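Here's the structure we're looking at; comments come further down.
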Amino acid sequence: MIRIAFALGLGVLIIGVPIPAQLKSGSVEQELIKLEKGWNDALARHDWAFIDQILANDYITTDSDGVVADKAQEMVILKSGEEAVASAVSDDFKVRIYGDTAVVTYRWTYKGQFKGKESTGQERYPPPFPGDRGRSG
């Protein structure tokens with residue numbers, strides 16, 4: 001699995017995009033989905049400026065091995081080419097809005113390389129917590 005996949009799953013939860021209260025729910029949902037799709041495109045095009053722009057300054061991610069990275073460290077990892085996404089598509093979005101906070105869940109299908117090896121897969125984001133298995137929402 002590509003390590004940035006986990007960061008991708010949390011992208012909407014930690015990007016610096018305020019949700020204006022005056023926007024209708026549908027337009028907020030569409031904007032968040034647009035940002036997720038923009039993240040996919042940016043990964044495939046290596047558009048690091050886009051990713052740097054949407055990540056919050058206090059962004060922190062933890063990969064599946066427990067390695068923690070802040071925004072600056074994540075940008076170094078992305079730019080290194082050690083993990084390279086060739087294509088990524090997200091679908092089956094569900095957006096839940098709670099006041100000025102939103103949670104986006106979706107399916108992510110990707111192709112790329114991780115440490116020089118081909119990697120493909122399909123995952124759900126955010127991944128369920130152990131206590132959440134079997135629940136639908």
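All of the numbers you see were taken from the coordinates with simple rules; none came from a lab. This one's a predicted model, so the numbers in the text were calculated from it and none came from an experiment. Cβ placement follows ideal geometry from the backbone for every residue including glycine, while neighbour counts extend to all protein chains displayed.
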Near Lys94, which lysines are there with a Cα under 24 Å away, not counting those fewer than 8 places off in the same chain? Lys24, Lys34, Lys37, Lys111
Candidate lysines for bridging to Lys79, where Cα separation is under 16 Å - those fewer than 8 sequence places away on the same chain excluded: Lys71, Lys115
For Tyr59, distant residues with modelled amide H under 5 Å away: Lys71
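Compare the peptides 107-119, 89-101 by average per-residue count of other Cβ atoms within 10 angstrom and give them in order, highest first.
Details: 107-119: 14.5, 89-101: 12.2.
Per-residue mean Cβ counts within 10 Å order the peptides as 107-119, 89-101.
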Whole-Hz ³J(HN,Hα) for each residue in the range 98-106, computed from phi via Karplus 6.51 cos²θ - 1.76 cosθ + 1.60 with θ = phi - 60°, x for glycine and proline: what do you get? 10, x, 9, 10, 10, 10, 10, 10, 6
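How high is the FRET efficiency from His46 to Tyr98, r the C-beta distance, R0 25 Å, rounded to 0.05?
So the FRET efficiency works out to roughly 0.15.
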